[in-house]
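Visitor: Pasting a structure here, questions to come.
The values are calculated or read from the model by the stated rules, or taken from the named source; none is laboratory data. Here the structure is a predicted model, which is why all the values come from computation and not from measurement. Ideal geometry is used to build each Cβ from the backbone, glycine not excepted, and the neighbour counts take in all protein chains shown.
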Amino acid sequence: MTVNTTKGKTPRPKTSGSKSQDAPRLTRVGVKEFRDKATQLLAQATPFAVERHGKVIGFYTPLGTSPEQQDRVVQAATRLDDTMSRVADELGLSLDELEDLLVREAQ
C-alpha cells in the first residue's frame with residue numbers, strides 16, 4: 001500500500017496506468033483536521049488514516065450498508081473478539097493487558 005503524506009488537505013486517491021496494477025493511496029489526516037472535518041471526511045466514504053504527531057493512531061474503513069456486508073462485519077468482529085480472548089488466555093494475560101501489549105508493539 002502506498003501512502004499519500006499530504007497534510008492539511010484531504011486529497012482523493014490518485015491512480016495512474018492500469019487500475020489492476022496500482023494500489024490506491026491512503027489519505028492521512030491529523031487529529032485536529034479529523035476533528036474539524038469529520039463530517040466531510042466520513043461523507044467521502046473512502047478509507048483514511050488518522051495521525052498524531054506524524055504517527056498513525058487509527059484507520060477509518062467505511063463499511064457497506066447492505067445486510068450481507070453488515071453480517072460480514074459482525075462475523076469478523078466476533079472472530080476477532082474470540083481470537084483476542086484465546087490469545088490472551090494462552091499468554092496468561094487479561095484482554096486489557098494484551099491490548100496494551102499490542103499498542104506498545106505498534107509504536
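Visitor: Given (1) surrounded by 10 or more Cβ atoms within 10 Å (Cβ to Cβ); (2) modelled with pLDDT of 90 or more; (3) of a type outside the set (A, V, I, L, M, F, W, C), identify the lone condition not met by HIS53.
Guide: (1)
Visitor: Follow-up. If you go through region 52-87, how many residues are within 11 Å of the chain's Cα centre (by Cα) and of a type outside the set (Phe, Trp, Tyr)?
Guide: 5
Visitor: Which residue is modelled with the lowest pLDDT, if the candidates are limited to region 70-90 and must be farther than 22 Å from LEU102 by Cβ and surrounded by 11 or more Cβ atoms within 10 Å (Cβ to Cβ)?
Guide: Once the filter is applied, the top-ranked residue is GLN70.
Visitor: Here's something else I'd like to know. Across region 17-45, what is the number of residues that are at pLDDT 85 or above, touching a Lys or Arg at 6+ places or on another chain (Cβ under 9 Å) and either more than 30 Å from ARG104 (Cβ to Cβ) or not β-branched (Val, Ile, Thr) (or both)?
Guide: 4
Visitor: Taking GLY92 as meeting all but one of (1) on the phi > 0 side of the Ramachandran plot; (2) touching a Gly at 6+ places or on another chain (Cβ under 9 Å), write down the number of the exception.
Guide: (2)
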